[in-house]
Amino acid sequence: MNVFKSLVQRYPLAIFLILTFAISWLPALITTLVPGFSILIFAAGPSVAALIAAAIEGKTALQDLRSRAVRWRVGGGWYLVQLGVDTTAVNKARYSCTSW
């Protein structure tokens, strides 16, 4: 474990990128070999890689990651505006690209 911890401390970005790539694209390889395998982990790759890297680095890194993840940087109204923009864009794309 000390080897991984020293690598994460020395090269945090490289370890994060390697983990993200492996977690995100390994399911693609598995889906070609095993039909019916769910590939929903694609989207979770960066989040899982950040948790793994922080867990290897230690408790303070996990606490720092948690505090950064739940910190609100803008008012709640702006999150509602973004949710409305996203919903509008998805609906517009769905109805303009299909012939229902």
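Those helices (runs of 4 or more DSSP H) of the range 1-89 in which at least 2 residues are more than 21 Å from the chain's Cα centre (by Cα), considering only elements entirely within it, cover 2-10, 12-33. Residue under question is Ala69, and the condition is that it be loosely packed, with under 13 Cβ neighbours inside 10 Å, closer than 19 Å to Leu17 by Cα and among the small types (Gly, Ala, Ser); does it hold? Against the criterion (loosely packed, with under 13 Cβ neighbours inside 10 Å, closer than 19 Å to Leu17 by Cα and among the small types (Gly, Ala, Ser)), Ala69 qualifies. Take Lys92 and decide whether it is assigned to a helix (DSSP H, G or I), of a type in the set (Lys, Arg) and in contact (Cβ under 8 Å) with a residue 40 or more places away in the chain. Considered against the rule, which asks whether it is assigned to a helix (DSSP H, G or I), of a type in the set (Lys, Arg) and in contact (Cβ under 8 Å) with a residue 40 or more places away in the chain, Lys92 comes out as no. In the range 1-55, of all residues being modelled with pLDDT under 80 and of a type in the set (Phe, Trp, Tyr), the one that is farthest from Arg66 (Cα to Cα) corresponds to Phe37.
The values are calculated or read from the model by the stated rules, or taken from the named source; none is laboratory data. For clarity, every value in this text was computed on a predicted model and none was experimentally measured. Counting neighbours? That spans all protein chains shown, and the Cβs are built from the backbone with ideal geometry, glycine included.
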